[in-house]
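**Q** I am attaching a structure below and will ask some questions about it afterwards.
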Amino acid sequence: MANSHKNGQQPDGRSIETKLTQAGRRPEWTGIPGQPGGIVNPGVWRASTIIYEDVAHMMSARISQEDSRGRWFYGRKGTPTSWALAEALTELEPGAEGTMLYPSGLAAISCALMAVLKPGDHLLMVDSAYDPTRIFCEKVLRPMGIETIYYDPMIGADIASLITDNTRAIFMESPGSLTMEVQDVPAIVAVAKARGITTLIDNTWATPLFFQALAQGVDISIIACTKYITGHSDVMMGSVTATSQYWEAIQSMAWLFGQMSSPDDCWLALRGLRTLGVRLKQQEESALTIARWLKARPEVGIVRHPALPDCPGHAIWQRDFTGSSGLFSFTLKGVDETVRARLIDSLQHFAIGYSWGGYESLALPVDPVNIRTATQWAPDGPLIRLNIGLEKTEDLIADLEQAFAAAFQG
Ligand SMILES: *Cc1c(COP(=O)(O)O)cnc(C)c1O
């Protein structure tokens, strides 16, 4: 099963690239009833109030709220713009029942965790998780009586040794934030399924284009759409896509917390989604070229890129993923942070900024030492994370070359 989509062919016969161009474009969201034809992209439907024909109609809309997808109710429950985006994201994940949208990736993560955990439960959280995910576990879940136990990203089937009667959920992020370890998702899922434990994954790096989490057996797939889905560094958004078993819990928790995404943001995300395939493939190619170039530099220690052989979990990446995206990290061997700062400050084409997944390249000094507890990060020098954008690869390499020269001269 794990490899059934490796050739890019989906169960319904369409490849994911084709789906990216077609998903979510229902005639009722792109046309006028009774008229043939229509627009290509669903428009921006802004709404708070939805107007009803009569009282009976309003009453029936209220009853149909068990599942509001595609039905008018109230602006917070969406309009055709958000329904189209949610449906498109669902279509990209074979095995999915539905997708909820949130005002940020972090909101998607926290709401998904709230949907599957209750006081007394234990959560197994990957040690290389996005730092704000960990902080949510400590500052919100722990005071609620939900304990988080962190595990080595390379644990694989040995996760069984950490499971107790209270273990309710396992959270994965693959590759891990900053340090890029690739997890053995099928092995962890197999253990979880045998014990009735819920699995969640932060799939922001790969997106469904390169890793289809639900097809690999994961129950709940979370994406910070802020990154590659919107792809233009101008929208904050998150999504949670779930199997039928978890869909109701995910939907109801999002509603209870009043989560939604604005129609304008949904429209931008849907527009970004259409070009995800070409953007990511270009970013993949550039990032790999640059990662290999860095690996050959004498100043560089390790390069953490899942498609390079010495990345922890590289063989798993080869087995389970259909590509690599544009985010990776590397160390500067045996120097201190002032050299790192000088290098980053010397870059002309890489901006310094949080987030990633946009069309513009970014360089960031990152220090995972204090955010790992189950494993140790003891590198040979300070770490830099690069987001490779859509600039010409040769320009980026020339820029890095002059920045190395400037940083190591001083
Ligand atoms: C950025 C990021 C998030 C959070 O997304 P926001 O939209 O910034 O809240 C979650 N997971 C990963 C892996 C991220 O890089």
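The values are calculated or read from the model by the stated rules, or taken from the named source; none is laboratory data. Bear in mind that the values here come from a model prediction, so they are computed numbers and not experimental data. Ideal geometry is used to build each Cβ from the backbone, glycine not excepted, and the neighbour counts take in all protein chains shown. These area figures cover heavy atoms from the full protein model, side chains too; ligands, DNA and RNA do not enter into them. Shrake-Rupley method; radii C 1.70, N 1.55, O 1.52, S 1.80 Å.
**Q** Quick one: go through segment 255-290 and flag any residue whose amide nitrogen is under 13 Å from the point 7 Å out along the Cα-to-Cβ line of LEU390.
**A** 271-284, by backbone N distance to the label point.
**Q** Mind listing the phi-derived Karplus ³J(HN,Hα) values for segment 199-211, rounded to whole Hz, using 6.51, -1.76 and 1.60 with θ = phi - 60°, and x for any glycine or proline?
**A** 10, 10, 9, 8, 9, 5, 5, 8, 6, x, 4, 10, 8
**Q** Continuing with this model, one more query. Let me have the relative contact order for segment 276-409, percent, based on Cα pairs under 8 Å that are six or more residues apart. Don't skip to the answer; put the middle values down first.
**A** Working: 218 pairs, mean separation 37.7, N = 134.
It comes to 28 percent, rounded to a whole number.
**Q** Treat each spin label as a single point 7 Å out from the Cα along the C-beta direction, and report the ALA190 to THR289 distance in nm.
**A** Here the modelled spin labels are 3.9 nm apart.
**Q** Also, I was wondering about something else. Mind grabbing the accessible area of MET58 for me, 1.4 Å probe, Å², rounded to tens?
**A** 70 Å²
**Q** Say the cut-off is 28 Å between C-alpha atoms; which of LYS139/LYS295; LYS77/LYS118; LYS77/LYS227; LYS118/LYS227; LYS77/LYS281 go over it? Before the final figure, lay out the partial values.
**A** Numbers: LYS139/LYS295 39 Å; LYS77/LYS118 25 Å; LYS77/LYS227 24 Å; LYS118/LYS227 30 Å; LYS77/LYS281 34 Å.
Listed pairs above 28 Å: LYS139/LYS295; LYS118/LYS227; LYS77/LYS281.
**Q** Shifting gears a bit: Under a 10 Å cutoff between Cα atoms, tell me which one of CYS266, CYS311, CYS225 has the largest fluctuation in the Gaussian network model of the chain.
**A** With Cα springs under 10 Å in the chain, the top fluctuation among CYS266, CYS311, CYS225 is at CYS311.
**Q** If you build the Cα gyration tensor of the chain and take the root of 5 times each eigenvalue, what three semi-axes come out, in whole angstrom, biggest first? Display every interim value, and only then the final one.
**A** On the way: eigenvalues 270, 137, 72 Å².
Semi-axes, largest first: 37, 26, 19 Å.
**Q** Taking H placed 1.01 Å from N in the peptide plane, check which residues at least 5 places from ASP184 or on another chain put their amide H under 5 Å from its amide H.
**A** When sequence neighbours closer than 5 places are left aside, the close amide H contacts are GLY156.
**Q** Per 5 Å bin from zero, what fraction in whole % of the C-alpha pairs of segment 109-170 is there, up to the bin with the longest pair?
**A** Calculated over all Cα pairs of segment 109-170, the distribution is 4, 19, 32, 25, 16, 4 percent.
**Q** Okay, next question. Mean-square fluctuation check for the chain, GNM, Cα pairs under 10 Å: which of ALA169, ALA190, ALA96 is largest?
**A** In the Gaussian network model the winner is ALA190.
**Q** Note the full-extension length gain between ARG71 and ASP165 as 0.36 nm times their separation in residues minus their Cα-Cα distance, in nm to one decimal.
**A** Values: separation 94, 0.36 × 94 = 33.84 nm, distance 4.07 nm.
Going from the current span to full extension adds 29.8 nm.
**Q** When you take every Cα atom in segment 133-213, what is the radius of gyration, and what is Dmax, the widest Cα pair distance, in Å?
**A** 12.9, 37
**Q** OK, next. Please check which bits of segment 187-208 a label hung off ASP158 would reach, taking the label as a point 7 Å along Cα-to-C-beta and the cut-off as backbone N under 14 Å.
**A** 188
**Q** Note down the nm distance, to one decimal, between modelled labels 7 Å out along Cα→Cβ at ARG26 and at PHE408.
**A** With each label point 7 Å from Cα toward Cβ, the separation is 5.8 nm.
**Q** Of ILE149, ILE188, which has the most accessible area with a 1.4 Å probe, and how do the rest follow in descending order? Walk me through the intermediate numbers first.
**A** Values: ILE149 45, ILE188 0 Å².
Descending accessible area places them as ILE149, ILE188.
**Q** Using 7 Å Cα-to-Cβ label points, what is the THR338/THR18 separation (nm, one decimal)?
**A** Rounded to a tenth, the inter-label distance reads 6.0 nm.
**Q** Amide H of GLY98: which non-local residues (sequence gap of 5 or more, or other chain) have their own amide H closer than 5 Å, using H built in the peptide plane?
**A** ALA242
**Q** Okay, moving on. Quickly estimate the mean residue ellipticity at 222 nm for the chain, helices only: each DSSP H run with n ≥ 4 gives -39500 (n - 2.57), and the total goes over all residues, rounded to 500.
**A** Details: 14 runs with 143 residues, N = 410.
One gets -10500 deg cm²/dmol as the mean residue ellipticity at 222 nm.
**Q** How high is the relative contact order of segment 13-274, given as a whole-number percent (alpha carbon pairs under 8 Å, six or more residues apart)? Please list the in-between numbers first.
**A** Working: 492 pairs, mean separation 63.1, N = 262.
RCO, segment 13-274: 24 percent.
**Q** Here's another thing I want to ask about it. Over all alpha-carbon pairs of segment 276-409, lay out the pair-distance distribution in 5 Å bins, whole %, shortest bin first.
**A** That works out to 2, 10, 20, 24, 21, 14, 6, 2, 0, in percent per bin.
**Q** A further question on this structure: Apply the Karplus curve 6.51 cos²θ - 1.76 cosθ + 1.60, θ = phi - 60°, to the phi angles in segment 98-109 and return the couplings in whole Hz, x for Gly and Pro.
**A** Per residue, the Karplus-derived 3J(HN,Hα) values read x, 9, 9, 10, 9, x, 7, x, 5, 4, 5, 5 Hz.
**Q** Which whole-Hz ³J(HN,Hα) couplings does segment 51-62 yield from phi under the Karplus relation 6.51 cos²θ - 1.76 cosθ + 1.60, θ = phi - 60°, glycine and proline marked x?
**A** 8, 9, 4, 7, 4, 4, 5, 5, 4, 6, 5, 5
**Q** To one decimal place, what Kirkwood hydrodynamic radius in Å is obtained for segment 223-293 from all pairs of distinct Cα atoms?
**A** Averaging 1/r across every pair of different Cα atoms and inverting gives 14.0 Å.
**Q** Calculate the translational D of segment 60-214 in whole µm² s⁻¹ from Stokes-Einstein, where the hydrodynamic radius comes from the Kirkwood formula applied to all Cα pairs, the temperature is 25 °C and the viscosity 0.890 mPa s.
**A** Here the translational diffusion coefficient equals 146 µm²/s.
**Q** Tell me, what is the percent relative contact order of segment 28-175, built from C-alpha pairs under 8 Å that lie six or more residues apart? Please list the in-between numbers first.
**A** Working: 148 pairs, mean separation 26.1, N = 148.
Rounded, it is 18 percent for segment 28-175.
**Q** Same structure again: Mind checking which of GLY145, GLY37, GLY217 has the largest fluctuation in a GNM of the chain, springs on alpha carbons under 10 Å?
**A** Of GLY145, GLY37, GLY217, the Gaussian network model singles out GLY37 as fluctuating most.
**Q** Once the piece of chain linking SER48 and ASN370 is laid out straight, how much longer is it, given 0.36 nm per residue of separation minus the C-alpha distance between them?
**A** So the extension gain works out to 111.5 nm.
**Q** Taking the highest mean first, how do the peptides 379-388, 364-373, 200-209 order by number of other beta carbon atoms within 10 angstrom per residue?
**A** So the order, starting with the most tightly packed, is 200-209, 379-388, 364-373.
**Q** Taking a temperature of 4 °C and a viscosity of 1.567 mPa s, what whole-number D in µm²/s does Stokes-Einstein yield for segment 244-342 with Rh from Kirkwood over alpha carbon pairs?
**A** Reported coefficient: 76 µm²/s.
**Q** Still on this model: Work the Kirkwood hydrodynamic radius out for segment 15-85: mean of 1/r over every pair of different alpha-carbon atoms, inverted, in Å.
**A** Averaging 1/r across every pair of different Cα atoms and inverting gives 13.6 Å.
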